[in-house]
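Every number here is computed from the coordinates shown, using simple stated rules; none is lab data. Since the structure is predicted, the reported quantities are computational estimates derived from the model, not experimental observations. Cβ sites come from the backbone with ideal geometry, for glycine too, and all protein chains shown count toward neighbours.
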Amino acid sequence: MTPLADRPVNIVGAGLAGALLAVLLARRAFAVDVYERRPDPRQAQGERGRSINLALAARGIRALERAGMMERIRPLLIPMRGRMVHSMSGETQLQPYGQRQDEVIYSVSRSELNRVLIEEAARHPRVRLRFRHTCLEALPGAGVLRLRDEGTGSECTVPLAPTVATDGAGSAVRSGLARAGLVSVREDRLDHDYKELTLPAAHDGRPAMEPHALHIWPRGGFMLIALPNIDGSFTATLFLARSGPDSFQTLTGPDRIRSFFQSQFADAAQLMPRLVEEFTAHPQGQLGTVYTHPWHVGGQVLLLGDAAHAIVPFHGQGMNAAFEDCLILDSLLDQHDDWDTLFADLEFCRLPNAAAIAQMALENYVEMRDTVRDPTYLRRKALAMELERRFPAFIPRYSMVMFHPEIPYAEALRRGSVQEQILEELDERSGLGEADFDRELARALIAERLA
Ligand SMILES: Cc1cc2nc3c(=O)[nH]c(=O)nc-3n(C[C@H](O)[C@H](O)[C@H](O)COP(=O)(O)OP(=O)(O)OC[C@H]3O[C@@H](n4cnc5c(N)ncnc54)[C@H](O)[C@@H]3O)c2cc1C
């Protein structure tokens, strides 16, 4: 047993990363105290109006496997083989994500996944779960974590070191450290917000659309997407500018909501009987990227997951990246016997990768809402897949991110831009068709630049 296990570890936030980390630490015989401000999800109803389902991909799966969780999680998963793109006239076209049978991503309910992780954490006698306990701040100077029991309203402190803060994008721990000048934070809010809506199952309980796809209605400046749920329904999310001509600001009142959906997403609108009611009742969520530096204060406290590096959701990687953080932390426990160097090493490994996925997630918004309709993009995508079939060194960037957890995000970003240049050069010199490209030139460029 590592000498680090002689002290209990505090985890702030039993969301996706916090609950998984509790399981991983418990498997190494650590004592873990988890503080979560929400009620116990094993007793309460899942929270609605937030991102209800999420795309799980290889990086997240690898971390769940390390925690021995995949057998329990597999029944919650719905494979999605590609993007089903819906045109204005209602025609659909499936754009496969990958080309091998196992190159799929999975839709999973956020609340179910979180509940299963919490159940697993709770099975370990050395994990203490404190629900309705809000962390007010971390005070490294005083060496304490300030907490409020929401049941009684009373406040208390516990020794800070070591604490891992997985309290999400709006992290109270991060804010406190920033106020004290111990970390610097930049929060770039996107000028687009989101709202979640439901496409219920048909009367016979069957899905009203193809269930093994992530549906997209790309409309240039905005988009609707929908991911399948186990009960045959879909959770749709509208991503739209906050203000301006086509924006949330203009969607005031039932008539405007209805006519906007009728004109832009007619095939989806007819599958949404509670559109206006839900649109009016559900919260308008904000999106943004959080850049933090450093992620830790000595060996006392570490920010992890969204608390350190929240990103926009357009690559479906926020949770996957947060799970990968947990996996790396778990691996580093084999190499270090003090928290200070472990936290520093984790930040060293992860910060460039977090920056890379933040950038790729922002780029993917334009791809999803706009470029997927562009014939040049489609030709290039077909050529990229052809190159992947012929040359093992060439893996499309989307595939590196989603299906190749052995390739760090920063490397996927770097190789991705080299590959873009190769595609461009093949285009300029020999025409882009996937059938008639210059194979010798492709071989030479790939050998030279992607060794
Ligand atoms: C619309 C949308 C769609 C998304 N889709 C995807 C997707 O398809 N795939 C993907 O990988 N990611 C997706 N994400 C991102 C994903 O939701 C996050 O990256 C992920 O939830 C991060 O996990 P976390 O544990 O760091 O934070 P969270 O899951 O947010 O957990 C934070 C936890 O901390 C608790 N907490 C907060 N403050 C306190 C406090 N002061 N004291 C105690 N507890 C506290 C919260 O109640 C919560 O339980 C999406 C996000 C959004 C907004």
> Taking amide H positions as placed 1.01 Å from N in the peptide plane, with prolines and chain starts having none, which residues 5 or more places from Ala165, or on another chain, fall under 5 Å of its amide H?
Replying inline: Val12, Leu302, Leu303, Leu304
>> How much length would be gained if the chain were fully extended between Gln43 and Arg414, taking 0.36 nm per residue of separation minus their Cα-Cα distance, in nm to one decimal?
In response: 129.0 nm
> Distances over 13 Å make up what percent of all Cα-Cα pairs in the stretch 277-320?
Replying inline: 65 percent
> Arg256 to Asp231: FRET efficiency via 1/(1 + (r/R0)^6), r the Cβ-Cβ distance, R0 35 Å, to the nearest 0.05?
Replying inline: 0.70
> Taking the highest mean first, how do the peptides 417-426, 264-273 order by number of other beta carbon atoms within 10 angstrom per residue?
Replying inline: 264-273, 417-426
>> Quick one: 3J(HN,Hα) in Hz for the stretch 119-134, Karplus 6.51/-1.76/1.60 with θ = phi - 60°, rounded, Gly and Pro as x.
In response: 4, 5, 4, 5, 5, 8, x, 8, 9, 10, 9, 10, 7, 6, 10, 9
> Taking the Cα atoms of the stretch 300-402 alone, what are Rg (to one decimal) and Dmax (as a whole number) in Å?
Replying inline: 17.2, 55
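With the contact rule set at Cα under 8 Å and sequence spacing of 6 or more, what percent relative contact order holds for the stretch 333-410?
Relative contact order, the stretch 333-410: 33 percent.
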>> Residues of the stretch 121-158 with backbone nitrogen within less than 20 Å of a virtual label 7 Å along the Cα-to-Cβ line of Leu333, please, listed as ranges.
In response: 121-130
> Relative contact order (percent) for the stretch 65-217, with alpha-carbon contacts under 8 angstrom and 6 or more residues of separation?
Replying inline: 25 percent
>> Students often check this: by mean Cβ neighbours within 10 Å, which of 234-244, 184-194 ranks highest, and how do the rest follow?
In response: 234-244, 184-194
> Under a plain spin-label model, where a point goes 7 Å from the Cα along Cα-to-Cβ, how far apart in nm are Ala202 and Asp438?
Replying inline: 5.1 nm
> Could you state the number of Å between the C-alpha centres of the stretch 342-411 and the stretch 1-40?
Replying inline: 31 Å
> From the phi of every residue in the stretch 106-116, what ³J(HN,Hα) in whole Hz does the Karplus formula 6.51 cos²θ - 1.76 cosθ + 1.60 yield, where θ is phi - 60° and glycine or proline is x?
Replying inline: 10, 8, 9, 6, 4, 6, 5, 4, 5, 5, 4
> In percent, how large is the relative contact order of the stretch 237-379, given Cα pairs closer than 8 Å and 6 or more residues apart?
Replying inline: 18 percent
>> Through the Karplus equation 6.51 cos²θ - 1.76 cosθ + 1.60, θ set to phi - 60°, convert the phi angles of the stretch 308-317 into ³J(HN,Hα) values in whole Hz; use x for Gly and Pro.
In response: 8, 8, 4, 10, 6, x, 7, 9, x, 10
>> Residues of the stretch 284-307 with backbone nitrogen within less than 11 Å of a virtual label 7 Å along the Cα-to-Cβ line of Ala178, please, listed as ranges.
In response: 289-293
